[in-house]
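Just below is one structure, and these are the notes that go with it.
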Amino acid sequence: MISARIDGRRDEIETFFRERFITDNELITEAVKRMLAAGGKRLRPRITLLAAQICDPRAQRHMQLAAYMELIHVATLIHDDVVDNAQTRRGVNATAIDYGNRISVLAGDYLFAWIFKNVTELYPSPIPNILSATLAEICDGEVLQLRSLANLSLSLEAYVEIVSRKTASLFAASAECGAIAGGAPPPAVQALRRYGRAFGIAFQMRDDLLDVTAESASLGKPVANDLAERKMTIPLILALQASGSEFYCMVERLFAGRESGLAGVLDGIRRSGAVERTRAQIREYSKQAESAVEELEDCAAKSELQRLARNLVEEIP
């Protein structure tokens, strides 16, 4: 029953994007709406609404806040595609391909400004403070990731720190802000923030795994795109830990551009046991997310949050 209600709310979020998102600049509005129309699971707004519903049965009234969480995510994607020189996103051209880098950067900047203008007008402290701190964390994570490109000695702990900032921070903020808007007491707010962080880490690890196991059609972007961009993802880190110098040198040559070697690196990752070890890490963080809300009062929203965390494991290829 709860899934049907949340799916209905997702439709309302889509309606908000179509009908209520508009800026004074027609080109920027068009560029952002084009990205929104490409789809997505809308997990961040779903988590916002479920966190609000823990203490507020009228979660419907927090729909706008939930929509802003997705719009923050979309703005980061627009910028990411410029930084990464990406060609596709969710199966369609990246914004920069159709509009150019300059328009894309300005569209992302404008979207951030538009969101925060509305958030500060509509929501009291600490919600605007949480979101501004989250944006800083996302930028920190992006810089840390850029500095770690082709760093074959990157540790799993350093990877988790990057992921915590770049990806998990917005999931954590979505849960925390939803809980605050719903009137949850401080212990519940912190529990839901911990849920969002663990969920976000598991989500990013799953995304990294899909990069080396999925098909392009289902992934919405080229397979092994992270490897092509010299990103240190968890399957690669675990493969390097489990393999010898031959694999290390193969990755080094690939990242240096001295030879293609992509198929060989992918094969090495799969043969090293890194896929199975990545699955184990995803299961661990999924369990952490479930456990974070275990002490909250039983309700349909809590059950749905735990189901979303389990789905990250059940949907692993």
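Observations on the structure shown:
- Residue in the range 75-96 that is polar (S, T, N, Q), in contact with a His (Cβ under 9 Å, 6 or more places away or on another chain) and surrounded by 21 or more Cβ atoms within 10 Å (Cβ to Cβ) present: no
Each row is one residue, and each column tells you yes or no for (1) at pLDDT below 80; (2) surrounded by fewer than 19 Cβ atoms within 10 Å (Cβ to Cβ); (3) of a type in the set (Val, Ile, Thr); (4) not in a helix (DSSP H, G or I).
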residue	(1), (2), (3), (4)
9	yes, no, no, no
12	yes, yes, no, no
27	no, yes, no, no
32	no, no, yes, no
44	no, no, no, no
51	no, no, no, no
61	no, yes, no, no
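- Test: residue in the range 113-121 that is of a type in the set (A, V, I, L, M), in contact with a helix residue (DSSP H, G or I) (Cβ under 7 Å, 6 or more places away or on another chain) and closer than 23 Å to residue 180 by Cβ: yes
- Test result for residue 315, surrounded by fewer than 20 Cβ atoms within 10 Å (Cβ to Cβ), closer than 20 Å to residue 47 by Cβ and of a type outside the set (A, V, I, L, M, F, W, C): yes
- Near pairs, Cβ below 9 angstrom, 6+ apart or cross-chain, from the range 130-158 (surrounded by fewer than 13 Cβ atoms within 10 Å (Cβ to Cβ)) to any residue that is outside any helix (DSSP H, G or I) and basic (Lys, Arg): 149/230; 149/231
- In the range 210-254, of all residues being of a type in the set (Lys, Arg) and modelled with pLDDT of 90 or more, the one that is surrounded by the fewest Cβ atoms within 10 Å (Cβ to Cβ) corresponds to 253.
- Qualifying helices (runs of 4 or more DSSP H) (wholly inside the range 79-169; at least 3 residues being charged (D, E, K, R)): 101-122, 127-147
- Only one entry of 170, 131, 154, 149 meets the criterion of being under 30 Å from residue 229 (Cα atoms) and in contact with a Cys (Cβ under 8 Å, 6 or more places away or on another chain), and that entry is 131.
- Single condition residue 93 does not satisfy, out of (1) in contact (Cβ under 8 Å) with a residue 12 or more places away in the chain; (2) under 21 Å from the mean Cα position of the chain (by Cα); (3) more than 25 Å from residue 197 (Cα to Cα): (1)
- Some residue of the range 125-143 being among the aliphatic types (A, V, I, L, M), over 28 Å from residue 313 (Cα atoms) and over 21 Å from the mean Cα position of the chain (by Cα): no
The values are calculated or read from the model by the stated rules, or taken from the named source; none is laboratory data. Note that the structure is a prediction, hence the values are computed from the model and not measured. Positions of Cβ are generated from backbone atoms using ideal geometry, with glycine treated the same way; all protein chains shown enter the neighbour counts.
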